[in-house]
Amino acid sequence: AFTGIGLAVLNRVLPVRYPYESVGLSFTVSHAHNAFLDTALTLGIPGLLGLLALLAGMVQLALALREYGNMTRACALGLLSSTIVFAIFGLTDSLSLSTASSIVLWMWCIGLALLTPLEAW
C-alpha cells in the first residue's frame, strides 16, 4: 500500500488476481478506471496524497488569481474548470498518470503557474 505496484504493471498483475476467462472479458484492463484508485495502485498512498495535494494547490492558485486582470481571471477559471472536470471524470474513468495522456494535467498546472504574477510568489 505504501509503494504501490509500479507504473504500467497493472496489465501483468491483474490477470493473476482476476482471470479474464472466468468473467468473459475479451480485452485486457489497462488501468483501474478511477484516477484516484489508479494512482494509489501504481504509486501507493504517497502518490495518492501527492495527486490530492496537486489538485488542491491548483484550486487554491486558480482562486487566488481571480483578483488579477480580466484575462488572467478568465484563463485561471478556465483551467480551474478543466481541473474540476478532470477530478469528476476521474471518479468514473481516468487519465492514468502512468500514461502519456497525463501530460494534460501537468500542462494545466504549468499554465496556472505561468499566469501567476511574480509578486504573488
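All of the numbers you see were taken from the coordinates with simple rules; none came from a lab. Remember, predicted model here, so these are calculated numbers, not experimental data. Because the Cβ atoms are built from the backbone with ideal geometry, glycine has one as well, and the counts that use them run over all protein chains shown.
Some notes on this structure:
- Cα gyration tensor shape for the range 28-83, rounded if a/c is under 1.5, else prolate or oblate: oblate
- Estimated FRET transfer efficiency (His33, Trp106; beta-carbon r; R0 25 Å; 0.05): 0.75
- In this simple spin-label model, placing a label point 7 Å from the Cα along the Cα-to-Cβ direction at both Leu52 and Leu91 gives a separation of 1.5 nm.
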